[in-house]
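Visitor: Just passing along the structure, written as structure tokens.
Throughout, read-outs are computed from the coordinates displayed, never taken from laboratory work. Just so you know, these numbers come straight off a predicted model, no measurement behind them. Neighbour counts run over all protein chains shown; Cβ positions are idealised from the backbone, glycine included.
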């Protein structure tokens, strides 16, 4: 409502200007419509931002710690750790990069597009430095693999109720 | 005492077997291939690149295997193609990020040789830097190595390797002397890797050099290499240099400096224009390397269609002391499968 009032005022101002320069009016209306569009786009972006996929890190009950820093989580998911402190082998399980959870994981963990994440892992496994993650088509498939694989760690968008899995608290929060 | 030894051996074997049984074997086969078109000396030619088959297998909780075989054009065989084993590495992860590797490796002497191997789709440019073509460094070593990576805050990594030296085959060393490679690197920031290495070998008189020709003197070789690699969201920089010191009883020590610098700038996520400068400087009297001072400029553009399909277009101007100037235009389509 406030925006509409502002526009009316501007039109009045515009009208006054037009008394002196009759040619400016159509141009001014276009400019104000443009501003209105930008404001609406910003509001939409804020709403969408608020609704972006919230992620949760889960793991098999054996291996990963119950709490981690975000930097540690990112390091593990970039293949920089071969074994957990208890000696269990780290296995990374991710949703495919073309799924909503996979896309959000690429952005929040890797700060890369899905294609770049796949290229990153191709290069790493090719150099022999790390085993590539297991990429899953569905959350249920991901949960099954994590529950059956000691040392597995995964990212999903809801708390898992599968047996043999636990939620990892990251920077003191359940989700990020 | 004998019984204790037997029990210990049985326990070790049992631990290997049980870990193998508990973990299903996970084997993946991937490959790379490329096709080229190029203009040199006013002539257009089409060419097949290498077909690289790459196999990884997790044998158990601790053991894994990596194999890389390349099929390439070879004029001297009846079929005009040959197969070569580029890497066979059996890795045992003995603790944390520390591993023992046995087999045929790409010598971890610099970033390029330790990272890109034969995956042309991963190369930032179409061809390797000139220090590879000029056989300055040993590309492969068959032997055993200790490797660690991403240790501590600086993500320190190391490789310590002993292996058959230059002139040996993959099944037999030609002399008693072993090659030694010691390399270390740190990754102090995202995308940044700084590394140094030292390679030492004694090359016997009559042994085959990198180019297959017999060496006329016994050579004591030391290679000191350094590299800076930065691959960020916008900029890419890779600079590497190797100082090669070859010493013989008759000619003394000669020094060779081989280096290159690559820089790329992502104008869009998938489009990267790039340049590379190469330099090879041989000291007068060099007898192990092909003494031919060379400089080259490479300019090109890389378009990543997707993560396993890349098109590159490149111009190269090269000047050698022996042959003068030459120009080459090349286009490459590289894929992974």
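Visitor: Using a basic spin-label model with each label point 7 Å from the Cα along Cα→Cβ, how many nm lie between residue B:230 and residue B:184?
Guide: 2.3 nm
Visitor: Give me the extension gain from residue B:90 to residue B:243: residue separation times 0.36 nm, minus the current Cα-Cα distance, reported in nm with one decimal.
Guide: In short, 52.0 nm is gained.
Visitor: Can you figure out the FRET efficiency of residue B:255 with residue A:85, using R₀ = 41 Å and their beta-carbon distance, to the nearest 0.05?
Guide: Working from the Cβ atoms, E equals 0.30.
Visitor: Go ahead and estimate [θ] at 222 nm for chain B from helices alone: -39,500 (n - 2.57) per DSSP H run with n ≥ 4, summed, over the residue count, rounded to 500.
Guide: Calculated at 222 nm, the ellipticity per residue is -2500 deg cm²/dmol.
Visitor: Between residue B:75 and residue B:100, what length comes free when the chain is fully extended (0.36 nm per residue of separation minus the Cα-Cα distance, one decimal in nm)?
Guide: So the chain would gain 5.3 nm between residue B:75 and residue B:100.
Visitor: Mind checking the mean number of beta-carbon atoms from other chains within 10 Å of the Cβ atoms in A:126-138?
Guide: Per residue, the average neighbour count from other chains is 5.
Visitor: Compare the peptides B:229-237, B:295-303 by average per-residue count of other Cβ atoms within 10 angstrom and give them in order, highest first.
Guide: Output ranking for B:229-237, B:295-303: B:295-303, B:229-237.
Visitor: In whole Å, what is the distance between the alpha-carbon centres of the range A:126-157 and the range B:270-337?
Guide: 39 Å
Visitor: Shape of the range B:187-306 from its Cα gyration tensor (a ≥ b ≥ c, root eigenvalues): rounded if a/c is under 1.5, otherwise prolate when a/b > b/c, or oblate?
Guide: The shape class here is prolate.
Visitor: With springs only between Cα atoms under 10 Å, which of B:87, B:128, B:268 fluctuates most in a Gaussian network model of chain B?
Guide: Between B:87, B:128, B:268, it is B:268 that shows the largest mean-square fluctuation.
Visitor: Turning to a different aspect of this structure: Between residue B:176 and residue B:263, what's the calculated FRET efficiency when r is the beta-carbon distance and R0 is 41 Å? Round to 0.05.
Guide: Between residue B:176 and residue B:263 the formula returns 0.40.
Visitor: Still on this structure: Could you give the angle, 0 to 90 degrees to the nearest 10, between helix B:2-22's Cα long axis and the longest principal axis of the Cα atoms of chain B?
Guide: Once rounded, the angle reads 60 degrees.
Visitor: Further, regarding this structure: Which residue fluctuates the most in chain B, going by a Gaussian network model with Cα springs under 10 Å, if the choices are B:57, B:204, B:82?
Guide: Looking only at B:57, B:204, B:82, the biggest GNM fluctuation is shown by B:82.
Visitor: Assuming a ≥ b ≥ c are the square roots of the Cα gyration tensor eigenvalues, decide whether the range B:51-92 counts as rounded (a/c under 1.5), prolate (otherwise, with a/b larger than b/c) or oblate.
Guide: prolate
Visitor: For A:112-125, what's the mean count of beta carbons from other chains sitting within 10 Å of each residue's beta carbon?
Guide: 4
Visitor: Please give, to one decimal in nm, the separation of the simple spin-label points placed at residue B:305 and residue A:158, each 7 Å out from Cα toward the Cβ.
Guide: Distance between the two pseudo-spin positions: 3.9 nm.
Visitor: Report the relative contact order of the range A:56-170, percent, no decimals, based on alpha-carbon pairs under 8 angstrom and at least 6 residues apart.
Guide: With pairs under 8 Å counted, the relative contact order is 49 percent.
Visitor: Kindly identify the range B:25-336 as rounded, prolate or oblate by the Cα gyration tensor criterion: order the square roots of the eigenvalues as a ≥ b ≥ c, call it rounded if a/c is under 1.5, otherwise compare a/b with b/c, prolate if a/b is larger, else oblate.
Guide: Note, shape of the range B:25-336 comes out rounded.
Visitor: For the range A:56-170, what number results from the quotient of the Cα radius of gyration and 2.2 N^0.38 Å?
Guide: Here the answer is 0.96, to two decimals.
Visitor: Would you please give the FRET efficiency between residue A:112 and residue A:70, computed as 1/(1 + (r/R0)^6) with r the Cβ-Cβ distance and R0 = 22 Å, to the nearest 0.05?
Guide: The formula returns an efficiency of 0.85 here.
Visitor: Additional query: Please tell me the relative contact order of chain B in percent, rounded to the nearest whole number, where contacts are Cα pairs under 8 Å and at least six residues apart.
Guide: 13 percent
Visitor: From Cα pairs below 8 angstrom and at least 6 apart in sequence, can you work out the relative contact order of the range B:205-337, rounded to a whole percent?
Guide: 14 percent
Visitor: Related question: Looking only at Cα atoms, what is the convex hull volume of the range B:97-151 per residue, in Å³?
Guide: Measuring per residue, one finds 95 Å³ for the Cα hull of the range B:97-151.
Visitor: How far is it, in nm, from the label point at residue A:54 to the one at residue B:37 when both lie 7 Å from their Cα along the line to the Cβ?
Guide: Result for the modelled spin labels: 5.4 nm.
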